[in-house]
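The values are calculated or read from the model by the stated rules, or taken from the named source; none is laboratory data. The structure presented is a predicted model; accordingly, all values stated were derived computationally and were not measured. So basically every Cβ, Gly included, is an ideal-geometry build from the backbone, and we count neighbours across all protein chains shown. These accessible areas exclude ligands, DNA and RNA; they are computed on the full protein's heavy atoms, side chains included. Shrake-Rupley method; radii C 1.70, N 1.55, O 1.52, S 1.80 Å.
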Amino acid sequence: QVQLVESGGGLVQAGGSLNLSCVASGSIFTINFMGWYRQAPGKQRELVGDVSSGGFPNYGDSVKGRFTISRDNAKNTVYLQMNSLKPEDTAVYYCTARGVVTTARVQLDSWGQGTQVTVSS
């Protein structure tokens, strides 16, 4: 199995910044995509951004130009730098690893437990 552990959430004022981290552990051979989704109360889960093993990022429209996603393949870690935060960014942020290939050559997807980000106005 593969476990994802997020860190870095919290409370910040509008216009501020936060940096989230997520470490994947377990019997990992490779991970195709690592990224972040978020879910606000009463809303559907939406893509924040993800990044391929080759380092190519993809962002949701609402965060383009403000958030930056990156990863360290050697550490199986993905980062999300969030700048110019707005109250509407308030949500639970979930780390995801998609296309994980384990050492047993089993392919699976995995999700973290989520970390709360709250942006006050």
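Descriptive notes on the structure:
- Placing one equal scatterer on every Cα of the stretch 4-98 and applying the Debye formula, the log10 ratio I(q)/I(0) at q = 0.17, 0.22, 0.23 Å⁻¹ is -0.69, -1.12, -1.21.
- Measuring between their Cα centroids, the stretch 1-57 and the stretch 70-121 lie 1 Å from each other.
- Per residue, the solvent-accessible area of the chain (1.4 Å probe, heavy atoms of protein chains only, all protein chains present) comes to 51 Å².
- Here the accessible area of the chain is 48 percent carbon and sulfur, with a 1.4 angstrom probe and all protein chains present.
- Counted charge near residue 44, where neighbours are those whose Cβ lies closer than 15 Å (Asp, Glu -1; Lys, Arg +1): 0
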